[in-house]
1. Name the residue, out of A:124, A:165, A:103, whose mean-square fluctuation peaks in a Gaussian network model built on chain A with Cα pairs under 10 Å.
2. Starting from the coordinates of the alpha-carbon atoms of chain A, obtain the Kirkwood hydrodynamic radius over all distinct pairs and give the value in Å to one decimal.
3. Taking the solvent-accessible surface of protein heavy atoms with a 1.4 Å probe, what is the per residue accessible area of the protein assembly as shown in Å²?
4. Computed over the Cα atoms of region B:121-249, what is the convex hull's projected area averaged over all directions, in nm²?
5. Provide, in order from the shortest bin, the percent of all Cα-Cα pairs of region A:64-231 in each 5 Å bin, continuing until the bin that contains the maximum pair distance.
6. What is the ratio of the Cα radius of gyration of region A:76-150 to 2.2 N^0.38 Å, where N is its residue count, to two decimals?
7. What would the Debye equation give as log₁₀ I(q)/I(0) for chain B at q = 0.17 Å⁻¹, counting only Cα atoms as equal point scatterers?
8. If you take the charge dipole of the protein assembly as shown about its Cα centre, with +1 on Lys and Arg Cβ and -1 on Asp and Glu Cβ, which of B:232, A:226, B:243 is farthest toward its positive end?
Amino acid sequence: MSSEEVAAGAEIKAVPIRHPGRWIAAAVIAVLAAMLVHSFVTNDNFGWSYFSQYGFTAPILHGVAITLELTAAAMAIGIAGGVVLAIMRLSPNPMLSSVSWVYVWLFRGTPVLVQILLWYNLSYLYPHLSLGIPFGPTFVTADTNDVISALTAGILALGLNEAAYMAEIVRAGILSVDAGQSEAAAALGMTRGLVMRRIVLPQSMRVIIPPTGNETISMLKTSALVSTIAVAELLQQTQGIINRTYATVPLLLMASLWYLAMTSILTVGQYYLERHYRRGSGFSGPDQTLPGRLWHAIRYIRPGNEQAALLSTGSEHQR
Amino acid sequence: MSDTPMVRAVGVRKRFGVNEVLKGIHLEVGHGEVMCVIGPSGSGKSTLLRCINHLEKINAGRLEVDGELVGYAERNGKLHELHDRVVARKRAEIGMVFQHFNLFPHMTVLGNIIEAPCRVKGVPRDQAVAKARSLLAQVGLEGREESYPRQLSGGQQQRVAIARALAMEPKLMLFDEPTSALDPELVGEVLAVMRDLAKSGMTMLVVTHEMGFAREVGDKLVFMDEGVVVEAGAPRDVIATPQHERTRAFLSKVL
């Protein structure tokens with residue numbers, strides 16, 4: 001750059017660093033991908049015909065609906081329970097705090113599959129459930145198996161297990177809020193409950209939301225475990241077809257594609273939620289994966305906005 | 001009643017573990033009086049302020065606000081701890097302004113100011129909003145109702161924090177180093193608001209390093225060091241002719 005150019009405020013045009021490693025990686029991956037696609041097309045064992053034959057049949061669609069229902073219900077219990085447990089854990093009341101600790105210890109310390117089986121078999125321990133005065137008369141009594149169906153057992157097991165994990169997430173969120181916030185609120189005469197509800201919890205969302213998205217995606221897949229207690233969710237329904245057709249691998253792959261489709265939608269939702277709650281809190285680095293960059297470029301390259309797109313993907317020198 | 005002081009501390013002691021921060025504080029703030037508290041960091045000034053609205057519990061001595069014991073009720077010569085709700089109600093009558101403002105970042109300026117009046121005192125919303133607008137005018141921030149705290153400068157944030165405290169119509173205002181976290185050019189606007197407040201007759205207890213403010217606005221000046229009141233008196237006297245060696249040493253550093 002000449003000194004005249006510097007004086008004139010010309011933009012720097014430097015020779016960019018070359019990245020041969022990226023090209024080598026691209027070549028290797030391209031070859032591997034080609035091999036994989038080739039095998040998809042030529043290997044009949046994949047049984048692609050099963051995908052179109054069964055992928056959108058009533059049992060599978062029903063299974064998808066049940067899986068979504070399980071996920072939504074279990075997460076609702078998990079989030080509500082998690083908030084309650086976290087507030088109990090941080091309460092000055094030693095009994096509440098201890099109960100919360102024991103709950104998390106118990107539900108996080110045993111396999112969720114075992115918990116599912118235990119809830120399903122609750123009638124072995126308690127054949128009847130009744131409502132009444134402790135050690136006194138009872139008003140209503142019902143058969144445990146009537147009250148707790150397989151689906152209910154599944155939702156309870158997944159939800160109560162999730163509550164233990166959510167409790168830790170919510171607790172971390174609450175603790176992330178500056179102590180000065182509660183102090184200022186207390187100095188204004190707000191009670192503990194009011195401070196928590198109006199000041200602390202809303203601010204803890206920024207920390208709570210991203211891992212909760214993760215938990216939801218994880219729950220969607222974990223819900224496949226309740227196929228062990230014959231709940232008609234996606235995996236159970238798939239296995240029903242497998243039992244008739246013996247096309248085990250193609251149909252499992254088909255179920256996987258369904259799970260992948262559902263988690264993909266959740267991932268997109270999580271991206272927007274996280275962006276919303278991260279607003280105004282410093283660094284949000286660009287996604288460096290190729291789909292991430294592409295997505296960003298598509299969204300931001302509009303007439304007059306090219307510069308912003310290039311700057312934020314940071315890729316202007318790599319062409 | 002008017003001869004009971006607004007704040008009365010008799011032999012107030014406060015320990016954090018084995019570390020005694022207040023070692024027998026005696027002081028009185030009269031109604032409508034402005035008392036400034038100065039002293040080196042770690043002298044217990046902020047702790048004293050936090051004890052007055054029971055954000056900290058004292059370990060010994062008596063602390064009264066407007067003739068009522070802080071944090072306890074006295075019945076038959078015995079002290080009974082007050083329920084959280086009663087403590088909260090008493091705190092609502094005392095405004096506090098913090099060094100780091102502590103505005104609620106998820107609420108607008110207006111939301112910050114009307115939150116406590118609406119939720120704690122049950123003031124109808126439109127009434128609280130009207131009051132908030134007049135308070136914002138009082139601190140020179142009319143038209144900023146819809147801003148969020150992070151969009152304001154430090155001085156503006158602190159003025160909102162003062163308005164937020166005033167919205168509860170407190171009988172006593174506590175200021176904990178209100179200008180210490182501000183850029184020098186923003187200190188003046190906050191002190192001006194405090195000066196107006198003092199003129200309006202508000203009882204104020206101000207922990208500060210602003211000697212000019214203490215001299216011009218304060219009715220009393222207290223110098224604290226290592227958990228005791230070393231010297232107290234009219235600001236001009238204490239600043240011009242300090243009686244204690246420790247006061248002299250401190251003043252020589254800050255003036």
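The values are calculated or read from the model by the stated rules, or taken from the named source; none is laboratory data. The structure displayed is predicted, hence computed values, not measured ones. All Cβ positions, even for glycine, are placed from backbone atoms using ideal geometry, and neighbour counts span all protein chains on display. Protein only, heavy atoms only, side chains kept; ligands, DNA and RNA dropped before computing areas. Shrake-Rupley method; radii C 1.70, N 1.55, O 1.52, S 1.80 Å.
1. Sorting by GNM fluctuation, first place goes to A:124.
2. Numbers: mean 1/r = 0.0406 Å⁻¹.
It is 24.6 Å.
3. Numbers: 30720 Å² over 574 residues.
Per-residue accessible area for the protein assembly as shown comes out at 54 Å².
4. Working: hull surface 37.9 nm².
Average projection, Cα convex hull of region B:121-249: 9.5 nm².
5. Distribution as computed: 1, 8, 14, 16, 16, 15, 11, 8, 6, 3, 1, 0 percent.
6. Working: Rg = 15.6 Å, N = 75, 2.2 N^0.38 = 11.3 Å.
My calculation over the Cα atoms of region A:76-150 gives 1.37.
7. Listed by q, the Debye log ratios stand at -1.36.
8. Value computed over the given set: A:226.
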